[in-house]
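The values are calculated or read from the model by the stated rules, or taken from the named source; none is laboratory data. Because the structure is predicted, anything quoted here is derived from the model rather than measured. Quick reminder, even Gly has a Cβ in these numbers, built from the backbone with ideal geometry, and neighbours come from all protein chains shown.
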2 protein chains.
Amino acid sequence: MDTFETIMKRKSIRNYSEKPVPAESVKKLLEVARLAPSGSNRQPWRFVAVQDAKRIKLIKMFSEGLSGNPTLVIAICAEAAEPDTYLDIGIATENIMLEAVELGLGTCAIGSFSEEPVKQLLGIPKEIPLILLISVGYPEGEPRLRPRKALEEIAYSEKYGERLAL
Amino acid sequence: MDTFETIMKRKSIRNYSEKPVPAESVKKLLEVARLAPSGSNRQPWRFVAVQDAKRIKLIKMFSEGLSGNPTLVIAICAEAAEPDTYLDIGIATENIMLEAVELGLGTCAIGSFSEEPVKQLLGIPKEIPLILLISVGYPEGEPRLRPRKALEEIAYSEKYGERLAL
């Protein structure tokens with residue numbers, strides 16, 4: 001699958017089958033996150049791969065945005081909660097979500113969770129912010145489609161607001 | 001090229017040939033950004049594709065982080081400078097940078113620029129933050145390699161700090 005196809009195929013998945021994610025795939029998802037670029041090559045991220053069903057159930061209790069029953073949750077922490085770090089983590093997140101498509105997996109990035117209890121469940125130190133959760137698993141059913149704005153609404157040529165000339 | 005290969009192949013490119021980026025490729029880079037997921041599907045981004053050589057030269061004067069002579073600069077603005085928006089823009093940025101690899105192009109994400117003068121050059125309204133510049137062009141020479149931390153340094157199993165068991 002080429003990159004364009006992968007990007008087009010990626011949808012946020014909120015229903016998962018019970019089939020576990022193989023260790024090899026978990027490793028590949030972490031590996032692509034590792035390879036992401038970051039400002040000044042800081043690599044400000046830390047990843048916790050959670051596959052224990054009981055722990056995932058507990059995380060779910062404190063994560064409003066977490067739908068379905070993923071068999072893997074990747075928690076992404078940062079050295080510090082600076083704007084640049086959020087950019088870096090967004091980049092690493094997309095690597096994970098695209099590689100997941102390639103592996104036949106579905107993902108959903110979740111920003112809506114109660115940070116303190118989830119941090120406690122994952123043993124994350126006080127000074128380390130928890131930025132994002134990614135739910136992962138084999139998709140079940142059809143994902144809800146989310147329409148996008150037209151290209152002309154969001155992209156301009158040469159100057160802000162100028163008609164895209166391509 | 002599959003996604004893993006694309007991710008591995010992507011390097012930050014700081015030297016470009018003079019060959020311009022075809023309109024079709026510019027469009028594809030904007031299209032993959034458009035397809036990126038965002039919190040609550042907000043799509044908080046706006047993209048300005050700059051190909052005018054004089055304008056790029058002017059941008060460069062105010063952008064410390066911009067190396068080489070890219071033939072395309074994509075400026076990414078946001079509706080608001082919130083942490084979640086930075087995550088969304090990181091995700092869209094990686095779509096652009098990976099699709100560029102597929103198209104034979106090189107990119108570099110640049111956070112180091114003087115926001116006010118660059119905004120003026122691009123006609124970006126006062127209330128719209130300029131978050132990131134991406135330089136784009138056909139790579140020239142060999143990119144500088146940036147080592148990554150080992151997987152075990154940045155990834156844990158089940159709990160923060162616990163040895164990766166995969």
Taking B:Val48 as the residue in question, decide whether it is in contact with a Leu (Cβ under 6 Å, 6 or more places away or on another chain) and within 21 Å of B:Ala23 (Cβ to Cβ). yes
Please return the ranges of helices (runs of 4 or more DSSP H) entirely within the stretch A:75-160 where 1 or more residues are more than 8 Å from every other protein chain (Cβ to nearest Cβ), hydrophobic (A, V, I, L, M, F, W, C) and under 29 Å from B:Thr6 (Cα atoms). A:83-102
Consider B:Glu102 against the criteria (1) in contact with a Pro (Cβ under 8 Å, 6 or more places away or on another chain); (2) in contact (Cβ under 8 Å) with a residue 12 or more places away in the chain: it satisfies all of them except one. Which criterion is unmet? (1)
Pairing a residue in the stretch A:110-123 that is closer than 19 Å to A:Asp52 by Cα and surrounded by 14 or more Cβ atoms within 10 Å (Cβ to Cβ) with any residue that is hydroxyl-bearing (Ser, Thr, Tyr) and modelled with pLDDT of 95 or more, where Cβ atoms lie under 9 Å and the two sit 6 or more apart in sequence or on different chains, gives A:Ile110/A:Ser63; A:Ile110/A:Ser67; A:Ile110/A:Ser135; A:Phe113/A:Ser63; A:Val118/A:Ser63; A:Lys119/B:Tyr160; A:Leu122/B:Tyr156; A:Leu122/B:Tyr160
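One line per residue, one yes/no per condition, for (1) at the interface with chain A (Cβ under 7 Å from one of its Cβ atoms); (2) in a helix (DSSP H, G or I):
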{"position": "B:Glu18", "(1), (2)": "no, no"}
{"position": "B:Val26", "(1), (2)": "yes, yes"}
{"position": "B:Glu31", "(1), (2)": "yes, yes"}
{"position": "B:Gln43", "(1), (2)": "yes, no"}
{"position": "B:Ala49", "(1), (2)": "yes, no"}
{"position": "B:Ile56", "(1), (2)": "no, yes"}
{"position": "B:Leu66", "(1), (2)": "no, no"}
Which of the residues spanning the stretch B:145-166 are modelled with pLDDT of 95 or more and among the small types (Gly, Ala, Ser)? B:Ala150, B:Ala155, B:Ser157, B:Gly161
Quick check, is A:Asp88 at pLDDT below 95 and under 28 Å from B:Gly104 (Cα atoms)? no
Report, by residue number, each residue of the stretch A:43-100 that is within 17 Å of A:Leu30 (Cβ to Cβ) and acidic (Asp, Glu). A:Asp52, A:Asp88, A:Glu94, A:Glu99
Checking B:Met61 against (1) within 30 Å of A:Glu102 (Cβ to Cβ); (2) more than 9 Å from every other protein chain (Cβ to nearest Cβ); (3) surrounded by fewer than 24 Cβ atoms within 10 Å (Cβ to Cβ), the condition it does not meet: (1)
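Any idea which residue in the stretch B:124-156 is surrounded by the fewest Cβ atoms within 10 Å (Cβ to Cβ), counting only those that are basic (Lys, Arg) and within 18 Å of B:Lys11 (Cβ to Cβ)? It would help to see each step written out before you state the result.
Of the residues in the stretch B:124-156, the ones basic (Lys, Arg) are B:126, B:144, B:146, B:148-149.
Next cut, within 18 Å of B:Lys11 (Cβ to Cβ) only: B:144, B:146, B:148-149.
Working: B:Arg144: 10, B:Arg146: 12, B:Arg148: 16, B:Lys149: 13.
So the residue we want is B:Arg144.
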Answer yes or no as to whether A:Met1 is assigned to a loop (DSSP other than H, G, I, E, B) and within 11 Å of chain B (Cβ to nearest Cβ). yes
All positions within the stretch A:1-57 that are among the polar types (S, T, N, Q) and under 25 Å from B:Leu98 (Cα atoms): A:Thr3, A:Thr6, A:Ser12, A:Ser25, A:Ser38, A:Ser40, A:Asn41, A:Gln43
